[in-house]
Amino acid sequence: MHRLATFLLLWCVTIAPSHAAQVHLLTAARIHTSDPAQPVIEAIAWDESGRIVAVGDVKTLLEAYPAATRVDAPDATVIPGLIDAHGHVMGLGYALMRTDLVGSKDKADVIARLQDFEKKLPSGAWLLGRGWDQNDWPQTTFPTAADLDGAFPNRPVWVERVDGHAGWANSAAMRAVGKDLSGEWQPEGGRILRDNGVASGVFIDGAMTLIDKVVPVPDLAYRTQALQRAFDAAVRNGLTGVHDMGTSREDLALFGTFADAGRLPLRIDAYADGDNAALSDLCTNGLYRHAAGRLQMRGVKLYMDGALGSRGAALLADYSDEAGHRGLLVMEPNAFDTAVRKAQGCGVQVATHAIGDRGNRIVLDTYAGALGDAVFADHRWRIEHAQVVALDDIPRFKALGVIASMQPTHATSDMPWAETRVGKERLAGAYAWRRFLDADVRLALGSDFPVESVDPRLGLYAAVTRQDREGLPSGGWLPQQRLSALEALRGFTADAAYAGRDEAEVGRLAVGMRADFVVLGNDPLAVLVGELDDIAVQSTWVDGKPVYEAK
Ligand SMILES: [Zn+2]
């Protein structure tokens, strides 16, 4: 009966070309638009193409579109689809295929989780994991291979630290390298930690490649499953867009197969993975845009330095907790300059990872040199993280037209130990979102998943409270840098869209824009800030169609 009715309906529409195109109408308790011209409305209407044709009050829109298909959410709040301006989609997929070690309490907890996960593995497969953080353990020194060898004498174990900038291997994994890891030598851009000249099992930044390159390469079926898991997790949490920071040619092709099949549930702005094949493709073939409108590559992601947790971030002065050490440059400034100018020559947007104050300064200097008079043009170059920045350098973001792409949850994850790394004085320019906004710098927000959770509600919560999920410290860490809920929402919607050059398509709910939105159980601009992380995502919509609906 139902099927017949659907068939007849479709048939009627198909044979009646003179009918107006089908319009869909959403009504809700309130709709936050992220559009300053009309910040709160009650209803939006969109057509079959998925573009918004009208916004306003329920009565007017019902009169205008009496035949519209209706979605009524009388108790819900609707916001523009959330955009994560900095994530790693394949990384998230792989993380969902690996042992989750986030929040592990100590080494024994890590081993127990690995043993549990191992049960699902075929014999001979590497046991992989991600997310440990020795700073959370009773003993905050780095772990060693010996800690793993008892439980895993033969199977290679390789588990990344929470920031992805250090890895911990057992002896079987180190044997697989097939090279003597002892002695004094160090690989470029990285460090092998050693005890009396013998590799201890921890590999930092560039040194991780030694192990990474002997891990068996995931095949297509594995990658496809990983990617599907990442997409499912993203839309379940209200994301309708992601800026994928460091997409290889192969990964772009895999995203493309999802787009071809109409199975890409959200928008991906892919940024080429450094000065490599994907960037060459952009230079040869021009900027990439999939015809279906959900996948594009128009930028490149470059790296300047490492991360703070593993003391890889490049600082202007010594680490406060390691005299004589100022971090690592992942790329030599000259090679970086060459890569920036190459991208510029190809019309490719530049986004560069910079965490330490030295890393940020080198990027700003390089951008300034490459841009010259073009600083006043609409280049949209970005710095990813801008985590510890010298106070004098913050206004330079504005002067150079550089977007600060920052991740609120990094602040709340790092707050227990950040001061130990950089000292009190340098904290003034650390995770300093408010200073950037006050300096009139465009602030795009994201999570850096899978380094942090893919859930953007946690980002909104961290941005507004600067507290952990238990509400500590009371009043927030460096509370003068807190954002309002509206500012945080703008960072995850309109300003994230701007950072991806997508502001004419998404990020706001206004006529002509894509109908990408999230239906929430509560109003993020009205709830107590401590409840921002608990708001239910009821459904997620892209191009006017649901890509996730809560059961
Ligand atoms: Zn990242």
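The values are calculated or read from the model by the stated rules, or taken from the named source; none is laboratory data. The structure displayed is predicted, hence computed values, not measured ones. No Cβ is skipped: glycine too gets one built from the backbone with ideal geometry, and neighbour counts run over all protein chains shown. Just so you know, the surface numbers come from the protein's heavy atoms only, side chains and all, with ligands and any DNA or RNA stripped out. Shrake-Rupley method; radii C 1.70, N 1.55, O 1.52, S 1.80 Å.
How many of the residues making up the range 420-448 are free of Cβ contacts under 8 Å to residues at least 40 places away in the same chain and within 24 Å of Ala323 (Cα to Cα)?
Number of matching residues: 3.
Residues that are over 23 Å from Thr409 (Cα atoms) and out of contact with any Phe, Trp or Tyr (no Cβ under 9 Å at 6 or more places or on another chain): find the strands (runs of 3 or more DSSP E) completely inside the range 493-551 holding 3 or more of those.
545-549
Please list, ordered by first then second residue, the pairs with beta carbon atoms under 7 Å, 6 or more apart or interchain, first in the range 79-97 and within 13 Å of the ligand (Cβ to nearest atom), second open to solvent by 10 Å² or more (accessible area, probe 1.4 Å) and among the β-branched types (Val, Ile, Thr).
Close Cβ pairs satisfying both conditions: Gly87/Val454; Leu92/Val454.
Determine which member of the set Val242, Val202, Val215, Val235 is in contact with a Phe, Trp or Tyr (Cβ under 9 Å, 6 or more places away or on another chain), more than 16 Å from the ligand (Cβ to nearest atom), part of a strand (DSSP E or B) and open to solvent by less than 60 Å² (accessible area, probe 1.4 Å).
Val202
Where residues in the range 245-277 are among the hydrophobic types (A, V, I, L, M, F, W, C) and part of a loop (DSSP other than H, G, I, E, B), which of them is farthest from the chain's Cα centre (by Cα)?
Going through the qualifying residues, I end up with Ala261.
For the range 218-232, give me the residue count where each residue is part of a loop (DSSP other than H, G, I, E, B) and more than 24 Å from Ser453 (Cβ to Cβ).
The number of residues fulfilling the criteria is 1.
Applying the selection to the range 293-325, what residues are assigned to a loop (DSSP other than H, G, I, E, B) and open to solvent by 10 Å² or more (accessible area, probe 1.4 Å)?
Gly293, Arg294, Arg311, Leu316, Ala317, Asp318, Ser320, Asp321, Ala323, Gly324, His325
Can you find a residue that is among the charged types (D, E, K, R), within 21 Å of Arg380 (Cβ to Cβ) and in contact with a Ser or Thr (Cβ under 7 Å, 6 or more places away or on another chain) anywhere in the range 507-529?
Yes, that holds for at least one residue.
Of all residues in the range 346-368, how many are within 16 Å of the ligand (Cβ to nearest atom) and assigned to a loop (DSSP other than H, G, I, E, B)?
2
Kindly indicate whether any position in the range 351-372 is of a type in the set (Asp, Glu) and closer than 17 Å to Met406 by Cα.
yes
Could you check how many residues of the range 245-260 are touching a Pro at 6+ places or on another chain (Cβ under 9 Å) and within 16 Å of the ligand (Cβ to nearest atom)?
0
If you take the residues in the range 445-477 that are assigned to a loop (DSSP other than H, G, I, E, B) and among the aliphatic types (A, V, I, L, M), which one is farthest from the ligand (Cβ to nearest atom)?
Leu472
Within the range 260-273, how many residues turn out to be open to solvent by less than 10 Å² (accessible area, probe 1.4 Å) and of a type outside the set (Phe, Trp, Tyr)?
Count: 5.
So in the range 425-442, with the set limited to residues that are on the phi < 0 side of the Ramachandran plot and touching a Pro at 6+ places or on another chain (Cβ under 9 Å), which one is surrounded by the fewest Cβ atoms within 10 Å (Cβ to Cβ)?
Across the range 425-442, the extreme among qualifying residues is Ala439.
Looking at (1) in a helix (DSSP H, G or I); (2) more than 16 Å from the ligand (Cβ to nearest atom), which is the one condition that is false for Pro138?
Unmet condition: (1).
Conditions first: (1) of a type outside the set (Ser, Thr, Tyr); (2) within 16 Å of the ligand (Cβ to nearest atom); (3) under 21 Å from Gly507 (Cα atoms); (4) assigned to a helix (DSSP H, G or I). Ala411 passes all but one, so which condition is the exception?
That leaves (3) as the condition not met.
With respect to Asp149, is the statement that it is at pLDDT 95 or above, within 16 Å of the ligand (Cβ to nearest atom) and not small (Gly, Ala, Ser) true?
no
Quick one: which residue in Leu266, Leu254, Leu239 is over 25 Å from Ile383 (Cα atoms), in contact with a Ser or Thr (Cβ under 9 Å, 6 or more places away or on another chain) and modelled with pLDDT of 95 or more?
Leu254
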